[in-house]
1. Would you work out what percent of the accessible area of the stretch 104-170, with all protein chains in place, is carbon or sulfur (probe 1.4 Å)?
2. Whose amide H sits under 5 Å from the amide H of R118, counting only residues 5 or more places off or on another chain, with H placed in the peptide plane?
3. From the C-alpha coordinates alone, can you work out the Kirkwood hydrodynamic radius of the stretch 89-170, in Å?
4. Taking R0 as 41 Å, what's the FRET efficiency between D128 and E20 from their Cβ-Cβ distance, rounded to 0.05?
5. If you wrap a convex hull around the Cα atoms of the stretch 73-119, how much volume per residue is inside, in Å³?
6. Quote the accessible area belonging to D128 in square angstrom, nearest 10, computed with a 1.4 Å probe and with ligands, DNA and RNA left uncounted.
7. Please name which of L154, L102, T32 has its Cα lying farthest along the dipole of the chain towards the positive end, using unit charges on Cβ (Lys, Arg +1; Asp, Glu -1) and the Cα centre as origin.
8. Near K138, which lysines are there with a Cα under 23 Å away, not counting those fewer than 8 places off in the same chain?
Amino acid sequence: QADIREYEHLRNAIKGASFEYVVNLSGYIEHTPFFDGGEEVINSHFTGLQNLLRVLDRENLRRFIQIGSSDEYGNIPAPQKESFREAPISPYSLAKTASTHLLQMLHHNEQFPAVTLRLFLVYGKGQDDSRFLPQIIKGCIKGKKFPTSMGEQLRDFCHVDDISDGIVSAFTKNNIEG
């Protein structure tokens, strides 16, 4: 185990290891404003990614999958498309966008085998109570009121099993890097 934000700890933790496939699920979902701790969110995602890239032995690396976020699109109305320019609205979405751009640059200039998967509202067993669907379910079960919007947004909810299948599929799909 190592803190991905700490280069030396990370380097020592995976020293001598060689990987064919890497899935970067590091960091945490936190929408803290920059001046209230958002710098730490950026460090956990973007600085952590840079540290990971620096310590990886690229000799046998066939695919590096970065877990991105729908938040990279910010408040752009759904449905979003890959052709849309990102519009980060928080330190979290900024760090995810910067990570995507770094990996795209590395792929285009250094043939780094990176793929970014932008996930939309993942849910499933064991999810933290602070997330949207567990709040709704527990509120309904307990008969408690909880805040909602008018429900005018479009949202895709992705079950964690489908996300796992998608990640495994992305290991071997052709022409998806960058």
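The values are calculated or read from the model by the stated rules, or taken from the named source; none is laboratory data. In this text, all values refer to a predicted model and were calculated from it rather than measured experimentally. Cβ: placed from backbone, ideal geometry, glycine included. Neighbour counts: every protein chain shown. For the accessible areas, the whole protein counts, side chains as well, though only heavy atoms, and no ligand, DNA or RNA atoms are used. Shrake-Rupley method; radii C 1.70, N 1.55, O 1.52, S 1.80 Å.
1. 56
2. G68
3. Result for the stretch 89-170, one decimal place: 15.7 Å.
4. So, using R0 = 41 Å, E works out to roughly 0.85.
5. 75
6. Around 90 Å² of this residue is reachable by solvent.
7. It is L154.
8. Candidates past the 8-residue exclusion: K125.
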